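> Handing you this structure, nothing more for now.
The values are calculated or read from the model by the stated rules, or taken from the named source; none is laboratory data. All figures in this text were calculated on a predicted structure; none of them were measured in a lab. Positions of Cβ are generated from backbone atoms using ideal geometry, with glycine treated the same way; all protein chains shown enter the neighbour counts. SASA here: full protein model, heavy atoms, side chains in, ligands and nucleic acids out. Shrake-Rupley method; radii C 1.70, N 1.55, O 1.52, S 1.80 Å.
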Amino acid sequence: MLKVLIPTIMLFPTIWMTTQKWLWPATTAQSLLIALISLTWFKWNSETGWMTSNFYLGTDQLSTPLLVLTCWLLPLMILASQNHINPEPSNRQRTYLSLMVFLQTFLILAFGATEIMLFYIMFEATLIPTLIIITRWGNQAERLNAGTYFLFYTLAGSLPLLVALLLLQQKTGTLSMLIFHYSESMTLNSWSDKIWWAGCLIAFLVKMPLYGVHLWLPKAHVEAPVAGSMVLAAILLKLGGYGMIRMTTILDPLTKDMAYPFIILALWGIIMTGSICLRQTDLKSLIAYSSVSHMGLVAAGILIQTPWGLTGAIILMIAHGLVSSALFCLANTTYERTHSRTMILARGLQMLFPLMASWWFIANLANLALPPLPNLMGELLIISSLFNWSYWTMILTGMGTLITAAYSLHLFLSSQRGPTPAHIMGLYPSHTREHLLLTMHLFPIILLIAKPELMWGWCF
Amino acid sequence: MYITPMMLSSSLVLTLNILLYPLLMSLSPTPQKPQWASTHVKTAVSTAFLISLLPLMMFLDQGTESIMINWHWMNISTFDINISFKFDHYSLIFTPIALFVTWSILEFASWYMHSDPYMNRFFKYLLLFLVAMIILVTANNMFQLFIGWEGVGIMSFLLIGWWYGRSDANTAALQAVLYNRIGDIGLILSMAWIATNMNSWEIQQIFFLSKDFNMTLPLLGLILAATGKSAQFGLHPWLPSAMEGPTPVSALLHSSTMVVAGIFLLIRLHPLMENNQLALTTCLCLGALTTLFTATCALTQNDIKKIVAFSTSSQLGLMMVTIGLNQPQLAFLHICTHAFFKAMLFLCSGSIIHSLNDEQDIRKMGGLHKLMPFTSSCLTIGSLALTGTPFLAGFFSKDAIIEALNTSHLNAWALILTLIATSFTAVYSFRVVFFVTMGTPRFSPLSPINENNPAVINPIKRLAWGSIIAGLVITSVFLPIKSPVMTMPPTIKLAALLVTILGLLSAMELAAMTSKQFKTTPTLPLHNFSNMLGFFPATSHRLAPKLNLTLGQLIATQLLDQAWLENSGPKGLASTQIKMSTYASDPQQGMIKTYLTIFLLTSTLAILLMLL
């Protein structure tokens, strides 16, 4: 773990010591090296499941893909924000980079933690840099409102979790994930136990976000600068899924009955948010709502507690992390040129940016789960396990796939196809940096087709 | 190692690799030469066709079939997913046909699209379309089949929307994908069901395990999938809309890829449904309804491509009927023969459209048999083959289907609908031939009519040969598994021909009236029903998206997200807190004297109380 953690922390000296000229290349290179080192976690040769563990940290099949995704995303965030941060004074650029590195450190600690309390603290700590990124570097005045929503929704969910965790600590005597499974099972039947169950999960469901408590997400996504949107969509939402998978192992007897309303909300949310996407006029908001819809599927997959559901959830989290982040990058390339997120103002871009159009196409295909992309594997596994749980879920999930296809292709058609309007003729061409950025998003997705076992959790 | 299976598998793998070569080549960053489309893509397809003849010959001679498992792709605990190919009689026969037809279409496209700046890309898409279809046909695994299935869907999206500057083309492309997606729900349902109940997606294992299960639900899912892909009634509107694409795309889409994929899925998985009466009856009735409905729509269309498109839809309905009759082999036979003449009909219409300055309205054609003798004779051959004229390709499959239908004791309603549709085939085919080739020219005198180009003549000629002899060749080498009823009363034996001739005669009678004033006020309702496509697009085709979009706007966005969730959540909380905070802050007005006085007063009182 420290092989990655210490170089990540050493990014701070790199950021503050290098000359302005080398600031961006040096940070990008170092973070890419960190991402490279993080790939060694994929080498599983242990029987126990836990690897590279020290006193507090460790990796297993569930956390490894998420950890690698975290490490992979930092260089991408740096690449993506280069253009819009560059005009600012040097110190602010460095602060911005430091915030992202803080976030990465917290995230590595959160995913790597073997102790739930450490995970909880890091889970909360990620709020701070994200909040600063949104409220300081957002583009409009609404960013303050978005920051408030972001903070209060998440906190309102996660403070009960603290109480629930303390209660758990008192009951079982430990919060270590390593020996969680071996603690004697609790008898949970009173009302307060049910409230405790809800307390354990609601924090994560808000973070996912579950439909109904999702209002903070579109706001935060829309107002955040590109790096904020990327990290929110790619990783911070996955903290919720990760936490749920970890927590449900101990909540077992209650989950079976208690999960019903949440599964229903999640599935219903797929359709509702999908329909919202169909009528969305704001590019970033559309992508944000599409995230809510996909995360609904993940939440449902986790809550029904079958091996296939869990595997599908992990796959979909990783695949969606890369794809939605790619979509936000694409939205940002358009935004940096047209200075508007309104979809109707940026049409027919294929004529101007042909290569960009093919990135849009691939990203949208991945978003609508084209086989054999990992997105489809995840969706198929979740849909299968939901179908096994109840045949009727097929109506909702099936409608969901239909609507997903509709809005993804609508997004592609309306932004790339059709005649180019006259007012956007004078756009400057796309940078190699942007193409590199998108290649680095979409290439892993395509490579993962060949070896999806890397993100299959315990089903491997 | 025996030589025959080795040759069979290796030549098939070679076929696939040759097709993949131009695709891999196009990944190179240096731009391809302008003639890359003809030199590489077309050559790859024709070479692949020639190589695929080898396994076909071996199959015809010795009956060699094989299943090939190449690579263990992934496993989800105990669930294996492999890359495995199934080279059985279906894929061994279909692959060469698809390659042959595509080869002709590509050659034609090199003439039709010669002025397109992105011709190489166009060819690449066509090739990818073909590869996806071959993956689908040779797949021995539901997941692999699904890759091909979605692959053809997405490639059709790109190809139908080729002229993406036009909003009609984009709409048609979107329509195709969305209707197919509805079908995909069915396929996903079946896959989920099979995965959870049988724990395998390998097709032969599914066949083996399905004996113990009630397969109705997954079969209905498969039928829904085929309905979407093969444009059966209810999910058919995308097919005529797909005519927005360039004509070579329509030819490929309608002959050997995409639309037959749905029927092929049912043929491939037919052992699952052969004992399930509900599924079979559903197929039968759905097919009969489709074939009649779309044949009716074809009657009064004026766009030449739309007529051909509706005739495809009608033939697809016929194939569905055949599957409902429990005769998958006949359906497969019809797919094969249909591929030849349908591709040829499209190429002929493409040639005509191009020659008449992109005119598609048959009312503005006429007299072309003098100006384009070759194309119009091939158009006639194609139409004759389509109507099932004896000893042309269509006859061998169509007549056999109608005979099987007549001798079965199944649904008479379906039988009658199919027979009416068969006679309609003659009517609309004759109408095309009549309007396009006969009579006097009705187009502008300065049309650039020229069919003297090998890239036009050769493909059409090859397909014409195919339309003439393919039926005979395939039926003589491809023996039916189920023994057909051969003896029957003359009226039943001749039923298909009789209704066709009946249709032809009435069409000729109607055609004779075109130049006479028979009725001053025509009876329009029936005509409108047919011309407006049964009012289907105006009603259900429009209603569902409208409802969904309204739901998205009014309920999901405005009512729930912006009103209820906001007001019951953050805004509601804020407004309830405001009152309390006003109460709390109101007393604190900064009146320091009053505060101090009260402080003094209360502390004195407290001290007094303590002292007392």
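> Scan region B:153-164 and give yes if some residue there is at the interface with another protein chain (Cβ under 8 Å from one of its Cβ atoms), open to solvent by 10 Å² or more (accessible area, probe 1.4 Å), within 19 Å of B:Phe123 (Cα to Cα) and outside any helix (DSSP H, G or I), otherwise no.
Among the residues of region B:153-164, at least one is at the interface with another protein chain (Cβ under 8 Å from one of its Cβ atoms), open to solvent by 10 Å² or more (accessible area, probe 1.4 Å), within 19 Å of B:Phe123 (Cα to Cα) and outside any helix (DSSP H, G or I), which makes the answer yes.
> Could you please give the count of residues in region B:212-236 that are surrounded by fewer than 21 Cβ atoms within 10 Å (Cβ to Cβ) and closer than 21 Å to B:Thr171 by Cβ?
Count: 1.
> I'm trying to understand the selection: among the residues of region A:355-400, which are touching an Asp or Glu at 6+ places or on another chain (Cβ under 7 Å), at the interface with chain B (Cβ under 8 Å from one of its Cβ atoms) and closer than 21 Å to A:Ala300 by Cβ?
Across region A:355-400, the qualifying residue is only A:Pro371.
> Restricting the first residue to region B:317-330 and requiring it to be under 18 Å from B:Val477 (Cβ atoms), which pairs with a second residue that is open to solvent by less than 10 Å² (accessible area, probe 1.4 Å) and assigned to a helix (DSSP H, G or I) meet a Cβ separation below 7 Å and a spacing of at least six or different chains?
B:Pro328/B:Ile267; B:Pro328/B:His270; B:Leu330/B:Thr322; B:Leu330/B:Ser397; B:Leu330/B:Ile401
> When the residues of region A:414-434 are filtered to those that are buried (at least 22 other Cβ atoms within 10 Å of the Cβ) and within 14 Å of another protein chain (Cβ to nearest Cβ), which remaining residue is nearest to the chain's Cα centre (by Cα)?
Here is the first cut: in region A:414-434, the ones buried (at least 22 other Cβ atoms within 10 Å of the Cβ) are A:415-417, A:434.
Now narrow it down to the ones that are within 14 Å of another protein chain (Cβ to nearest Cβ): A:415-417.
Details: A:Ser415: 24, A:Gln416: 26, A:Arg417: 29 Å.
Checking each candidate, the answer is A:Ser415.
> With respect to B:Glu107, is the statement that it is more than 8 Å from chain A (Cβ to nearest Cβ) and either part of a helix (DSSP H, G or I) or surrounded by 24 or more Cβ atoms within 10 Å (Cβ to Cβ) (or both) true?
Yes; evaluated as a whole, the condition is true for this residue.
> Could you please find all residues in region A:250-279 being more than 10 Å from chain B (Cβ to nearest Cβ) and of a type in the set (Val, Ile, Thr)?
Listed by number, the residues that qualify are A:Ile250, A:Thr255, A:Ile263, A:Ile264, A:Ile270.
> Out of B:Ser38, B:Ser52, report the one residue that is of a type in the set (S, T, N, Q), touching a residue at least 12 places away in the same chain (Cβ under 8 Å), open to solvent by 30 Å² or more (accessible area, probe 1.4 Å) and not in a strand (DSSP E or B).
Step by step, each of B:Ser38, B:Ser52 is checked, and only B:Ser38 is of a type in the set (S, T, N, Q), touching a residue at least 12 places away in the same chain (Cβ under 8 Å), open to solvent by 30 Å² or more (accessible area, probe 1.4 Å) and not in a strand (DSSP E or B).
> Considering A:Leu310, A:Leu352, which residue is within 14 Å of another protein chain (Cβ to nearest Cβ), open to solvent by 10 Å² or more (accessible area, probe 1.4 Å), in a helix (DSSP H, G or I) and aliphatic (A, V, I, L, M)?
A:Leu310
> Could you check how many residues of region B:531-583 are within 14 Å of another protein chain (Cβ to nearest Cβ) and of a type in the set (S, T, N, Q)?
9
Each row is one residue, and each column tells you yes or no for (1) touching a Ser or Thr at 6+ places or on another chain (Cβ under 9 Å); (2) assigned to a helix (DSSP H, G or I); (3) open to solvent by 10 Å² or more (accessible area, probe 1.4 Å); (4) of a type in the set (A, V, I, L, M, F, W, C).
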position: B:Ile307; (1), (2), (3), (4): yes, yes, no, yes
position: B:Met320; (1), (2), (3), (4): yes, yes, no, yes
position: B:Lys342; (1), (2), (3), (4): yes, yes, no, no
position: B:Asn357; (1), (2), (3), (4): yes, no, yes, no
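Residues are listed down the side, and each one gets a yes or a no for (1) surrounded by 11 or more Cβ atoms within 10 Å (Cβ to Cβ); (2) outside the structural domain of B:Met532 (by the TED database); (3) not hydroxyl-bearing (Ser, Thr, Tyr):
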{"position": "B:Leu551", "(1), (2), (3)": "yes, no, yes"}
{"position": "B:Trp564", "(1), (2), (3)": "yes, no, yes"}
{"position": "B:Ser575", "(1), (2), (3)": "no, yes, no"}
{"position": "B:Ile578", "(1), (2), (3)": "no, yes, yes"}
{"position": "B:Thr594", "(1), (2), (3)": "yes, yes, no"}
{"position": "B:Ala606", "(1), (2), (3)": "no, yes, yes"}
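> Anything in region B:246-268 that is surrounded by fewer than 24 Cβ atoms within 10 Å (Cβ to Cβ) and not in a helix (DSSP H, G or I)? List them, or say none.
Of everything in region B:246-268, just one residue is surrounded by fewer than 24 Cβ atoms within 10 Å (Cβ to Cβ) and not in a helix (DSSP H, G or I), namely B:Pro246.
> Counting only residues that are of a type outside the set (Val, Ile, Thr), away from every other protein chain (no Cβ under 12 Å) and within 16 Å of B:Leu252 (Cα to Cα), which one in region B:126-152 is surrounded by the most Cβ atoms within 10 Å (Cβ to Cβ)?
Checking each candidate, the answer is B:Leu126.
> Also: Might you check whether a residue that is touching a Phe, Trp or Tyr at 6+ places or on another chain (Cβ under 7 Å), modelled with pLDDT under 95 and within 14 Å of chain B (Cβ to nearest Cβ) occurs anywhere in region A:181-204?
The answer is no, given that none of the residues of region A:181-204 is touching a Phe, Trp or Tyr at 6+ places or on another chain (Cβ under 7 Å), modelled with pLDDT under 95 and within 14 Å of chain B (Cβ to nearest Cβ).
> Something else now. Please enumerate the residues belonging to region A:136-177 that are open to solvent by 70 Å² or more (accessible area, probe 1.4 Å) and over 23 Å from the mean Cα position of the chain (by Cα).
A:Ala141, A:Val163, A:Leu166, A:Leu167, A:Gln169, A:Gln170, A:Lys171
> Right, something else. Which one of these is within 12 Å of chain A (Cβ to nearest Cβ) and either touching a strand residue (DSSP E or B) at 6+ places or on another chain (Cβ under 7 Å) or of a type in the set (Val, Ile, Thr) (or both): B:Ile188, B:Ile203?
The unique qualifying residue is B:Ile188.
> Okay, next question. I need a count of the residues in region B:518-568 that are part of a helix (DSSP H, G or I), closer than 25 Å to A:Ile276 by Cα and under 22 Å from the mean Cα position of the chain (by Cα).
At the first step, the residues of region B:518-568 found to be part of a helix (DSSP H, G or I) are B:524-531, B:533-535, B:540-568.
Cutting the leftovers down to closer than 25 Å to A:Ile276 by Cα gives us B:540-568.
Among the residues that remain, those that are also under 22 Å from the mean Cα position of the chain (by Cα) are: B:540-542, B:544-545.
Matching residues across region B:518-568 total 5.
> Tell me whether region A:238-257 contains one or more residues that are free of Cβ contacts under 8 Å to residues at least 24 places away in the same chain, open to solvent by 20 Å² or more (accessible area, probe 1.4 Å) and either part of a helix (DSSP H, G or I) or not β-branched (Val, Ile, Thr) (or both).
Checking region A:238-257: at least one residue is free of Cβ contacts under 8 Å to residues at least 24 places away in the same chain, open to solvent by 20 Å² or more (accessible area, probe 1.4 Å) and either part of a helix (DSSP H, G or I) or not β-branched (Val, Ile, Thr) (or both).
> A:Gln140: out of contact with any Phe, Trp or Tyr (no Cβ under 7 Å at 6 or more places or on another chain) and not in a helix (DSSP H, G or I), yes or no?
Spelling it out, A:Gln140 is indeed out of contact with any Phe, Trp or Tyr (no Cβ under 7 Å at 6 or more places or on another chain) and not in a helix (DSSP H, G or I).
> Checking the conditions here, which among A:Leu437, A:Leu447 is surrounded by fewer than 20 Cβ atoms within 10 Å (Cβ to Cβ), away from chain B (no Cβ under 12 Å) and of a type outside the set (S, T, N, Q)?
Selected residue: A:Leu447, the only one of A:Leu437, A:Leu447 that is surrounded by fewer than 20 Cβ atoms within 10 Å (Cβ to Cβ), away from chain B (no Cβ under 12 Å) and of a type outside the set (S, T, N, Q).
> What number of residues in region A:320-349 are within 14 Å of chain B (Cβ to nearest Cβ) and open to solvent by less than 10 Å² (accessible area, probe 1.4 Å)?
Within region A:320-349, residues that are within 14 Å of chain B (Cβ to nearest Cβ) and open to solvent by less than 10 Å² (accessible area, probe 1.4 Å) number 2.
> Which members of region A:384-411 meet the condition of being open to solvent by less than 10 Å² (accessible area, probe 1.4 Å), closer than 20 Å to B:Leu145 by Cα and without any contact (Cβ under 8 Å) to a residue 24 or more places away in the chain?
Correct list: A:Gly398 only.
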